[in-house]
Ligand code: UDP
């Protein structure tokens with residue numbers, strides 16, 4: 001523990017980094033605990049947001065032992081969510097390095113996660129979504145013959161370079177997992193098209209909506225949790241507020257410059273204010289600070305903790321983003337979203353009429369945003385609350401299915417009383 005009573009994750013990370021080099025081995029396996037052991041793993045902010053409802057539901061079930069392994073491929077953004085959700089990882093691999101390349105990071109996750117598996121020896125690992133943590137943890141499990149459950153399975157854009165490398169991370173995981181928790185019927189169809197057995201696919205809804213609805217209720221009960229956003233609201237009182245986020249690799253360089261140009265143009269309107277939490281990646285942060293700093297109608301702010309960000313979405317009139325998770329959340333809050341990408345693996349919001357693909361293209365972002373700001377009918381058509389991605393009960397469904405699967409496995413592998421020597425004297 002740290003002096004202020006918090007769990008010292010970095011210390012554990014260092015211990016396990018040493019383990020990965022074969023210097024020290026710590027066995028966490030509790031052989032006296034006969035319950036099925038599920039290890040939940042993640043490494044980034046969006047995964048943590050979408051996995052914390054699952055961890056809570058699993059921990060409610062006393063018949064299951066749940067542990068948490070984080071790779072921390074993002075450090076600060078992950079820590080914000082761990083603190084908010086009060087999750088203390090059993091193992092923290094603390095793998096983030098500055099300017100980390102995909103190849104080196106993938107290799108570190110694969111070897112580090114294998115060590116974590118050898119320490120914990122879980123009966124199953126639960127991975128989430130589309131990150132390198134997802135695909136490399138899955139590979140590590142495959143090498144150790146440990147079954148994998150995939151939460152948020154089946155999203156596909158059909159283009160292996162967009163989102164990159166996320167499309168392939170999902171496909172690798174989909175090829176190995178034996179339980180696929182698809183958020184929507186469309187995702188389940190994509191898995192069936194790839195010959196995943198229908199009996200291994202469960203349509204549960206997206207746990208993003210569980211996290212969102214619970215957090216919205218929490219803010220309603222304790223508004224002071226989002227005090228930072230109230231300050232912002234007062235600063236921009238009377239203006240139409242646009243919330244912006246951008247971080248996708250495909251948009252680095254030219255795309256980010258186009259996005260910055262669009263924001264500058266929109267912020268020249270006297271009736272508009274922009275709130276832009278900057279992703280810490282220098283490819284976003286440095287460029288946006290250079291292009292947008294000092295404009296009276298633009299607030300360039302540090303990444304917000306999840307509670308504050310949910311509140312920011314609630315008070316915004318319009319959201320411009322290239323994020324995957326925000327495309328899922330915004331429809332449940334009734335907020336129109338302009339998706340600054342050329343394709344999406346989440347077309348459900350577009351079909352529901354609450355999101356539009358505008359690309360990372362200055363003219364098209366400005367044209368669509370202006371239409372929504374100036375035309376009440378266009379705005380009303382998109383600002384309708386709906387839940388194409390889930391009903392807020394996905395995590396409970398996932399936990400119930402896991403409990404059933406492992407209870408059935410336990411029944412199937414339990415030695416039969418009739419064949420034991422005591423019950424069958426002929427054999428004794
Ligand atoms: N988010 C947050 N703080 C911010 C910006 C976003 O907590 O300043 C949340 C957002 O509500 C969503 C998730 O982070 O749940 C999306 O993460 P990101 O856009 O980084 O990743 P993606 O979803 O594209 O993988």
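The values are calculated or read from the model by the stated rules, or taken from the named source; none is laboratory data. Everything numeric here is computed off the predicted structure, so don't read it as measured data. Virtual Cβ from ideal backbone geometry, glycine too; neighbours counted across all protein chains shown.
Annotations for the structure displayed:
- With respect to (1) within 16 Å of the ligand (Cβ to nearest atom); (2) in the same structural domain as residue 257 (by TED's automatic domain parsing), the lone exception for residue 356 is condition (1).
- Test for residue 377: is it crowded, with 21+ Cβ neighbours inside 10 Å, part of a helix (DSSP H, G or I) and at pLDDT 95 or above: no
- Which numbered condition residue 252 misses (of (1) in the same structural domain as residue 268 (by TED's automatic domain parsing); (2) touching a residue at least 40 places away in the same chain (Cβ under 8 Å)): (2)
- Applying the criterion of at least 3 residues that are within 13 Å of the ligand (Cβ to nearest atom) and at pLDDT 95 or above to the strands (runs of 3 or more DSSP E) found wholly in the stretch 268-342 leaves 272-277, 298-301, 318-321.
- Of residues in the stretch 65-78 being modelled with pLDDT of 95 or more and more than 12 Å from the ligand (Cβ to nearest atom), the one farthest from residue 108 (Cα to Cα): 65
- Looking at the stretch 140-241, the helices (runs of 4 or more DSSP H) lying wholly inside it that each contain 3 or more residues that are touching a residue at least 40 places away in the same chain (Cβ under 8 Å) sit at 166-176, 207-221, 227-235.
- Among the conditions (1) more than 16 Å from the ligand (Cβ to nearest atom); (2) under 15 Å from residue 127 (Cα atoms); (3) surrounded by 20 or more Cβ atoms within 10 Å (Cβ to Cβ), the only one that residue 172 does not satisfy is (3).
- Verdict on residue 127 being farther than 30 Å from residue 284 by Cα, surrounded by 24 or more Cβ atoms within 10 Å (Cβ to Cβ) and within 13 Å of the chain's Cα centre (by Cα): no
- Of the residues making up the stretch 231-261, those that are within 11 Å of the ligand (Cβ to nearest atom) and in contact with a strand residue (DSSP E or B) (Cβ under 6 Å, 6 or more places away or on another chain) are 243, 244, 245.
- Which numbered condition residue 278 misses (of (1) surrounded by fewer than 22 Cβ atoms within 10 Å (Cβ to Cβ); (2) in contact (Cβ under 8 Å) with a residue 40 or more places away in the chain; (3) closer than 19 Å to residue 248 by Cβ): (2)
- Being modelled with pLDDT of 95 or more, under 24 Å from residue 258 (Cα atoms), out of contact with any strand residue (DSSP E or B) (no Cβ under 8 Å at 6 or more places or on another chain) and surrounded by 18 or more Cβ atoms within 10 Å (Cβ to Cβ) is a description that applies to residue 359.
- Among the residues examined, residue 194 does not qualify as more than 21 Å from residue 148 (Cβ to Cβ) and either more than 16 Å from the ligand (Cβ to nearest atom) or surrounded by fewer than 19 Cβ atoms within 10 Å (Cβ to Cβ) (or both).
- Residue within the stretch 375-387 that is within 16 Å of the ligand (Cβ to nearest atom) and at negative phi present: yes
- Taken together, 35, 59, 24, 29 contain a single residue that is surrounded by 14 or more Cβ atoms within 10 Å (Cβ to Cβ), at pLDDT below 95 and more than 16 Å from the ligand (Cβ to nearest atom), which is 35.
- Qualifying residue in the stretch 88-95 (condition: in the same structural domain as residue 64 (by TED's automatic domain parsing), within 18 Å of the chain's Cα centre (by Cα), farther than 18 Å from residue 146 by Cβ and outside any loop (DSSP other than H, G, I, E, B)): yes
- Restricting attention to the stretch 347-358, the residues being within 16 Å of residue 319 (Cα to Cα) and either touching a residue at least 40 places away in the same chain (Cβ under 8 Å) or not in a loop (DSSP other than H, G, I, E, B) (or both) number 5.
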